[in-house]
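The structure appears below as structure tokens.
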């Protein structure tokens, strides 16, 4: 099975600090791959390399088996890779539809769009409503509502809906439940499962082990800048995964 997204031998140095020391990753079609690791393990640098936010010093990245080179997040977006960052990157003063189409605004047809550069606000709100409904986001009723009026979980839902709407190959989610309560975290986990049901594979970066073991098909364990192991959550306990992550035990088969 050809990985949808693959990284081999990624190296990233910041002066004398090596954030990635030959990191590998494979994301298979239709799966949720969780990426876990202690602080300083290189998770953020790995995800930034895959999403085009940083350029690795060495190594290769492949999309559907073809080697690619990202010089910016826009390059990754063009390749169908969407990222939901921990900071969400939403604009609170804009409405939900405007946030969904941020950087991809649609203009009205004809002269109004081509000459007067008027935005198709009604069309964007209709499409935003369809995207929210497709993901089962029923707590948001009005796509014209300002994002600053939403709860933390609803803002996360907007960011996830944007990624699902425009990601044609991969959705990357960085700590999507970190700042949420129990109820809102449950809703976001359900959204992640809905994204996979749409056929989009997901990379989930999280420190929350119960969440990881609940939704992940495989778990990528990052340690000291490289992949230490890939384990099946059905055959490895949570405590063993943490032990591998911290170096207290070797992965199975090693």
Q. Looking only at the range 48-58, which residues are buried (at least 22 other Cβ atoms within 10 Å of the Cβ) and in contact (Cβ under 8 Å) with a residue 40 or more places away in the chain?
A. 49, 50, 51, 56
Q) Can you find even one residue in the range 77-84 that is surrounded by fewer than 19 Cβ atoms within 10 Å (Cβ to Cβ) and closer than 23 Å to residue 213 by Cα? A) no
**Q.** Extreme residue, farthest from the chain's Cα centre (by Cα), among residues of the range 127-158 that are without any contact (Cβ under 8 Å) to a residue 12 or more places away in the chain and part of a helix (DSSP H, G or I)
**A.** 149
Q. Identify, please: which residue in the range 103-116 is surrounded by 13 or more Cβ atoms within 10 Å (Cβ to Cβ) and either outside any loop (DSSP other than H, G, I, E, B) or at pLDDT below 90 (or both) and is, among those, farthest from the chain's Cα centre (by Cα)?
A. 112
Q | Where residue 61 falls short, out of the listed (1) in a strand (DSSP E or B); (2) buried (at least 21 other Cβ atoms within 10 Å of the Cβ); (3) within 19 Å of the chain's Cα centre (by Cα); (4) touching a residue at least 60 places away in the same chain (Cβ under 8 Å) | A | (4)
Q) Among the residues of the range 121-134, is any loosely packed, with under 14 Cβ neighbours inside 10 Å and either closer than 22 Å to residue 179 by Cα or in contact with a strand residue (DSSP E or B) (Cβ under 9 Å, 6 or more places away or on another chain) (or both)? A) no
Q: Say whether the condition of being over 30 Å from residue 153 (Cβ atoms) and touching a helix residue (DSSP H, G or I) at 6+ places or on another chain (Cβ under 8 Å) is met by at least one residue in the range 114-122.
A: yes
Q: Give the residue, chosen from 192, 219, 172, 244, that is more than 26 Å from residue 63 (Cα to Cα), touching a strand residue (DSSP E or B) at 6+ places or on another chain (Cβ under 8 Å) and not in a loop (DSSP other than H, G, I, E, B).
A: 244
Q) Would it be correct to say that residue 254 is exposed (fewer than 15 other Cβ atoms within 10 Å of the Cβ), closer than 25 Å to residue 3 by Cβ and modelled with pLDDT under 95? A) yes
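From the list 67, 82, which one is in contact with a strand residue (DSSP E or B) (Cβ under 6 Å, 6 or more places away or on another chain), in a strand (DSSP E or B) and closer than 25 Å to residue 120 by Cβ?
Details: 67 fails: closer than 25 Å to residue 120 by Cβ.
Checking each option against the conditions leaves just 82.
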Q: Return the pairs, sorted by first residue and then second, in which the second residue is assigned to a loop (DSSP other than H, G, I, E, B) and loosely packed, with under 15 Cβ neighbours inside 10 Å, the first residue lies in the range 15-35 and is on the phi > 0 side of the Ramachandran plot, the beta carbons are less than 9 Å apart, and the residues are 6+ apart or on different chains.
A: 30/199
(Q) For the structure I just gave you, tell me whether residue 93 is outside any helix (DSSP H, G or I), in contact with a strand residue (DSSP E or B) (Cβ under 9 Å, 6 or more places away or on another chain), modelled with pLDDT under 95 and farther than 12 Å from residue 159 by Cα. (A) yes
Q.
Quick check on this structure: which one of 41, 19 is crowded, with 20+ Cβ neighbours inside 10 Å, part of a loop (DSSP other than H, G, I, E, B) and either at pLDDT below 95 or more than 16 Å from the chain's Cα centre (by Cα) (or both)?
A. 41
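The values are calculated or read from the model by the stated rules, or taken from the named source; none is laboratory data. Here the structure is a predicted model, which means the values were calculated and not measured. So basically every Cβ, Gly included, is an ideal-geometry build from the backbone, and we count neighbours across all protein chains shown.
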